[in-house]
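Undergrad: One structure is given below, represented as structure tokens, and several questions about it will come after.
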Amino acid sequence: MKKLLLTLVSSSLLVACSQRTESMEDKSIAPCGDKPNCISTLDEREEFTVKPFILTSSANMKAISHIASQLKGAKLVDINNDYARIECTSSVFRFVDDLELRIYGNTLIVRSESRTGYSDFGVNRKRVEKLRTLLEEKGLISQ
């Protein structure tokens, strides 16, 4: 009986953990930490910063998040009028990075951070610059 109970409890915990959808706090305006696995338009430190994204008059979060969802491994998980969070999952090790976008006036705040690990080996910076290129091509940000 104890074995059966232990098996049932273990199974239910595994199923619950595998299907859990985790609510993430909005870090879009937070500075990056000290680990080299984050990049942000708001961070002033050279190794963590990326130049601003200046929006055009036709830009809106729906269009921006649609473009961001086309990035490799990207999945839109949260959106409203001025904020979107996209989870970007690596193809080999299934690491998840959070790409957060926030419209503030005529700028787009962009923050991309790895959830785990110390270094991202430049993956977040490459992602943000790819997003910049795509948004420029669609006329949603100016050069």
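A short reminder: the numbers here are calculations on the coordinates, not readings from a lab. As the structure is a computational prediction, the values presented were derived from the model and not from experiment.
Undergrad: On full extension of the chain, what length is gained from Val77 through Arg115, given 0.36 nm per residue of separation minus the C-alpha to C-alpha distance? Please report the intermediate quantities before stating the final value.
TA: Numbers: separation 38, 0.36 × 38 = 13.68 nm, distance 1.52 nm.
Extra length from Val77 to Arg115 when fully extended: 12.2 nm.
Undergrad: Taking Cα pairs under 8 Å and at least six residues apart, what relative contact order does region 29-142 come out at, in percent?
TA: Values: 225 pairs, mean separation 34.5, N = 114.
Computed value for region 29-142: 30 percent relative contact order.
Undergrad: Using only C-alpha atoms and all pairs of different ones, pull out the Kirkwood radius for region 22-97 in Å with one decimal. Before the final figure, lay out the partial values.
TA: Values: mean 1/r = 0.0713 Å⁻¹.
Across region 22-97, the inverse of the average 1/r is 14.0 Å.
Undergrad: Sticking with this structure for a sec: Can you divide the C-alpha Rg of region 61-107 by 2.2 N^0.38 Å and report the result to two decimal places?
TA: Numbers: Rg = 11.2 Å, N = 47, 2.2 N^0.38 = 9.5 Å.
Dividing the Cα Rg of region 61-107 by 2.2 N^0.38 Å gives 1.17.
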